[in-house]
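The values are calculated or read from the model by the stated rules, or taken from the named source; none is laboratory data. Small disclaimer: the values here were computed from a predicted structure and weren't measured. Neighbour counts run over all protein chains shown; Cβ positions are idealised from the backbone, glycine included.
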Amino acid sequence: MILKPGNTATATLLALVAAIVLISAEKVTVDANGNVNREEMLSFCTPNTSCDFDPQRLQLRAQLLYDRGVLPARPFPHIHISELYKPEHAPFKNRRRPFVLTGAMEDWEGRVTWKNVGTVAALFPTRIVDLYPMNMLQATGTDFAGSSSHLFPMKLALEELTHPPGRGRFGDRELTETDTPGKYLHVQLGEKEWNKLREHKAMGDPLHKWLRTDGWMKQCIPTKALRDEFHVKTLWKTMLLGTRGAGMFNHSDNLLSSSWFAHVQGQRGKWWYICGQGRGPGPYEGEEQCFEDLVMPGEILFNPKQHYHETQNVGTLTLNVKGQVVSAFNYRSVATQLHRECAYSHLNFDLSGPLCDALDNCFLLWHQAFSGEKNRKKVVKEGRRLWPKWRSLANPTLQTRRDAPSALGNNYDGRIYSKWG
């Protein structure tokens, strides 16, 4: 649902930012607790440092191709990687608050090598990807994206991005089937693709430890095929490319995980708007807060669980890399969502029976790692109470469907294609 003036969702947010809206457009400083003072202007806010910004965000909004009708909000906290592990930044280090991480992409070769679209296409030229030729800014009824995705090989999809809306292979539909023309491309990255990016040093040498959160996966998902299935069907790791005006409508991720988004290409930045409740001690604790700003090249936006967010690219070509995270803060919700999906199919991920069998063990592994309980027998007992084996709950029809050979496939294994000719 898009938050626009006059609708119910916007009304609920009005109280959150009313004080900001009512402040004049003069330069003022607003500290992390919302106290207004006139002080020296700073370029951005930090949790413990006041900052100065136009409360109506007029200069920021002027850079967007499409007015989304959302209320103006404060800038994101910015934390440099060298400061992340300070005690006062624990809510950010522990992945409980939205913020922008700086300084963690200095050695990403992709910041240079991915400027050429051909270089990006050469990474996975035959990989099947999702192309949204009519953008993803509109949510209509139960349609997740507001427009259909079309499956293309990577090389061909990137060629489509070079054609302005209306001049691609979908012709006038790219203009008439949406009020917000733009093109978006999603590459679901499996284990092979992710390792290739790391081996080529495109994402650092090595990827910073705060971004490496999947050490658990090989411990409980035994085969590469199942790990690839998990990556693809949960959208666990993704490369996002888009043109000016392309973006995602206001939504909250249904897996209830957390995600980081590294802004690799797009000199004009990517607009993010995020709302949610501050969790854990520190600034914004228990408060509903909204943040917005442009995330710029070399910066990493972190979005915690249960935060609504929407995006919009400011220029062409914009490229981000996304990774999802299981942490002490969110593992119970992620496990519960996946468990319900396996037992009742409430997310329609179409996970296979063998993958669900493996996830039964992952839930226990996460519980042992994050619950703080050292007694393994107690951990297993409590974990099985929280997440009984999915086969003990699923009906026979669902089990048969999950165990069928077809359940191991997905839309990106070459079985389903758009008509490219």
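Considering every residue within region 160-167, establish whether at least one is under 21 Å from Thr119 (Cβ atoms) and modelled with pLDDT under 90. Walk me through it before giving the result.
Keep residues of region 160-167 that are under 21 Å from Thr119 (Cβ atoms), which gives 160-163.
Add one more test, that the residue is modelled with pLDDT under 90, and what stays is none.
For region 160-167, residues under 21 Å from Thr119 (Cβ atoms) and modelled with pLDDT under 90: absent.
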Could you tell me whether any residue of region 194-208 is of a type in the set (A, V, I, L, M, F, W, C), farther than 24 Å from Pro354 by Cα and free of Cβ contacts under 8 Å to residues at least 40 places away in the same chain?
yes
For region 258-268, state whether one or more residues are in a loop (DSSP other than H, G, I, E, B), of a type outside the set (Val, Ile, Thr) and in contact with an Asp or Glu (Cβ under 9 Å, 6 or more places away or on another chain).
no
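In contact with a helix residue (DSSP H, G or I) (Cβ under 9 Å, 6 or more places away or on another chain) and assigned by TED's automatic domain parsing to the domain that holds Cys275: is that true of Leu317 in this structure? If you could, list the steps in order and put the result at the bottom.
Numbers: in contact with a helix residue (DSSP H, G or I) (Cβ under 9 Å, 6 or more places away or on another chain): yes; assigned by TED's automatic domain parsing to the domain that holds Cys275: yes.
So Leu317 passes the test.
When you check Gln337 against the structure, is it of a type in the set (S, T, N, Q), in a helix (DSSP H, G or I) and either buried (at least 19 other Cβ atoms within 10 Å of the Cβ) or outside the structural domain of Trp194 (by TED's automatic domain parsing) (or both), yes or no? Working first, answer last.
On the way: of a type in the set (S, T, N, Q): yes; in a helix (DSSP H, G or I): yes; either buried (at least 19 other Cβ atoms within 10 Å of the Cβ) or outside the structural domain of Trp194 (by TED's automatic domain parsing) (or both): yes.
So Gln337 passes the test.
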What are the pairs, 6+ residues apart or on separate chains, where a residue within region 55-78 that is at positive phi has its Cβ under 8 Å from a residue that is buried (at least 20 other Cβ atoms within 10 Å of the Cβ)?
Arg57/Ala73; Arg57/Glu292; Gly69/Leu3
How many residues does region 167-187 contain that are surrounded by fewer than 23 Cβ atoms within 10 Å (Cβ to Cβ), within 8 Å of Met134 (Cβ to Cβ) and under 27 Å from the mean Cα position of the chain (by Cα)?
3
One residue is enough: does region 209-228 have a residue meeting the conditions farther than 20 Å from Thr126 by Cβ, buried (at least 22 other Cβ atoms within 10 Å of the Cβ), among the polar types (S, T, N, Q) and modelled with pLDDT under 95?
no
Single condition Pro354 does not satisfy, out of (1) assigned to a helix (DSSP H, G or I); (2) in contact (Cβ under 8 Å) with a residue 24 or more places away in the chain; (3) within 21 Å of the chain's Cα centre (by Cα):
(3)
Residues that are in a helix (DSSP H, G or I), within 29 Å of the chain's Cα centre (by Cα) and buried (at least 16 other Cβ atoms within 10 Å of the Cβ), drawn from region 371-412
Gly383, Trp390, Arg402, Ala407, Leu408
